[in-house]
Each structure stands twice: as structure tokens, then as C-alpha cells.
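Below is one structure, written out as C-alpha cells; the observations come after it.
The values are calculated or read from the model by the stated rules, or taken from the named source; none is laboratory data. Since the model is a prediction, treat every value here as computed from it, not as a measurement. Please note: Cβ atoms are built from the backbone with ideal geometry, for glycine as well, and neighbour counts cover all protein chains shown. Just the protein is used for accessible areas: all its heavy atoms, side chains included, with ligands, DNA and RNA removed. Shrake-Rupley method; radii C 1.70, N 1.55, O 1.52, S 1.80 Å.
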Amino acid sequence: MPDWVNAIILGIVEGLTEFIPVSSTGHLLLLGHFLGFESTGHTFEVMIQLGAVLAVISVYFARLWNVATHLHDDPAARRFVASILIAFLPAAFIGVLAHDFIKGVLFETPSLVCVSLIVGGFALLAVDRIKKPPEHTDAAAFPLKTSLAIGVFQCLAMIPGVSRSGATVAGALLLRCEKRAAAEFSFFLAMPTMAGAFTVDLVKNYENMSWDDAGIIALGFACALVAAVFTVRRVLDFVARHGFTPFAIWRIVVGVLGLIGLALLG
């Protein structure tokens, strides 16, 4: 299949899966493996995530603009920004230190992705069944210690297949955050996290990239942006109605099918 077709498929998959707890990276790596598509240093898979970041910015632009323009006079706005930055720090620290191992070893192990999808699916099923009433219902007003703890959970997503969204949502639920607020906080935390991953990957792989890579990445980026806007606009209402169990079941099914596919096709 031509690379441009693969880029469209993978871009759409990235946009549809980035903000739900099913592991967009896991889906991209498995799908890329079976499609026979592999970018230099897996740069494509990381860089198209910036399209998903822009989707969050576009959907929440008015809210983000309000925060940005009131940082100087609104303590709540400053606290929200501090909360997101504090949650971002653990992944930033580990991501920079372990970048080469993550990309060179973990990203090259499709079976690990499948196992992570399955284990994470069962973990999400368990967490989604927590019946204790939530203590935190506003994603913009989580306590700073809660935000930091969610950021530590996000580090689990360094393992492909765990899911950045899944790790942060599961951590937030364990910390007594309301489901919708947990998903929304994961949206906001995605912005610095994914922008940081994009920047590190660009610096690390700039010399290995070619103009051909740029064209494929741009196409995947655009598809990811459109698909992610669709997802972000709908996922919160879906979570409010159905919780995270449907995503957990999807993870388990994809993980099992992936293991079967690897066993049959290699």
C-alpha cells in the first residue's frame, strides 16, 4: 500500500484514539506493523500527535484564551496553569532521560504493545467500577498534589500500549476525581506532554528526516487533527453516559487479536 494511504489511515486512527484510553501509540505501532509501514525512528507516529494537540486547542480555544488573558489578575487561572505544568513534569523528566530506550526498544516490541493493551484494559475495568463518590469534579481546580500524582501515573504511558489517556484517567479515578473531569484533565495535560514529545523527537531525528518524511508527516498530521476534533467534541458526553468500560473491552479485544495476528503472521 502506498505510504500516503498508510499516512491517511494512521492519521485518522491517531485522531480517533489519542483522547480515549485505548493507546493511540499502541494502535499506530500495531497497525503500522501489519501494514508494513515504518517511519525513521518512529518519528511519524510521534509527530502526528501534534495534530491532536491542535484539536484540543481549537475545541477549548475560548477557555484557554480566557485563562491566558487573566493570568495576571486571576488566581484560579494561575492555579490551573500550575496544575497542568506540575502534572507534566514527571513525564518530561523521564521522557528526556529514557527517550532512546523507549523508541529503540519498547517501540520495537509489538507483543509488548498487545500485552499492555490487555493488562491496561483489565485495570481500567477495575478502576471504572470504583463506587466511592468523587471528591474532585472540576478539572481546572484539582489540588496540586492530585495533579502531581496524575502526572506520575502518566509516566506509565512510556510503555507503548499502556495509553497516556488511560494512565492519567485511571490515576485520576483512583484519586477520587469525577469521570468527566478526569477525561477533561487528560485533554489539557496532553498539550504540554505531546508538544514536548514532538519537540524532543524533532531534535533527536532532525538529521535523519527527509522531505519525503515531511510530506507523509504533514498528511498524517492533517488527518489526525480532523479526526481528533471529532473525538474531543464527543468523548466527554460518551464518558458521562457510559464510563470507561467500553474502552477497556476494546483494549482487551485489540490486544488479543494483535497477539493472534503476530502469532499467525509474525
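V81: without any contact (Cβ under 8 Å) to a residue 24 or more places away in the chain, open to solvent by less than 60 Å² (accessible area, probe 1.4 Å), more than 20 Å from L174 (Cβ to Cβ) and not aromatic (F, W, Y), yes or no?
On the way: without any contact (Cβ under 8 Å) to a residue 24 or more places away in the chain: yes; open to solvent by less than 60 Å² (accessible area, probe 1.4 Å): yes; more than 20 Å from L174 (Cβ to Cβ): yes; not aromatic (F, W, Y): yes.
Judged against the criteria, V81 is a match.
Listed by position, the helices (runs of 4 or more DSSP H) contained in segment 164-260 that have at least 3 residues being open to solvent by 50 Å² or more (accessible area, probe 1.4 Å) are 179-205, 211-242.
Cβ separations smaller than 7 Å between residues 6+ apart or across chains give the following pairs from segment 96-108 residues that are closer than 16 Å to V162 by Cα to residues that are at pLDDT 80 or above and not in a loop (DSSP other than H, G, I, E, B): I102/M158; L106/L112; F107/L29. Within segment 1-23, the set of residues being part of a helix (DSSP H, G or I) and open to solvent by 10 Å² or more (accessible area, probe 1.4 Å) comprises D3, W4, V5, I8, I9, I12, V13, L16, T17. In segment 97-118, the condition of being within 14 Å of the chain's Cα centre (by Cα), in a helix (DSSP H, G or I), buried (at least 23 other Cβ atoms within 10 Å of the Cβ) and among the aliphatic types (A, V, I, L, M) is met by at least one residue.
Within segment 31-52, which residues are at pLDDT 80 or above, open to solvent by 10 Å² or more (accessible area, probe 1.4 Å) and assigned to a helix (DSSP H, G or I)? Those that are at pLDDT 80 or above, open to solvent by 10 Å² or more (accessible area, probe 1.4 Å) and assigned to a helix (DSSP H, G or I): L31, H33, F34, L35, Q49, L50.
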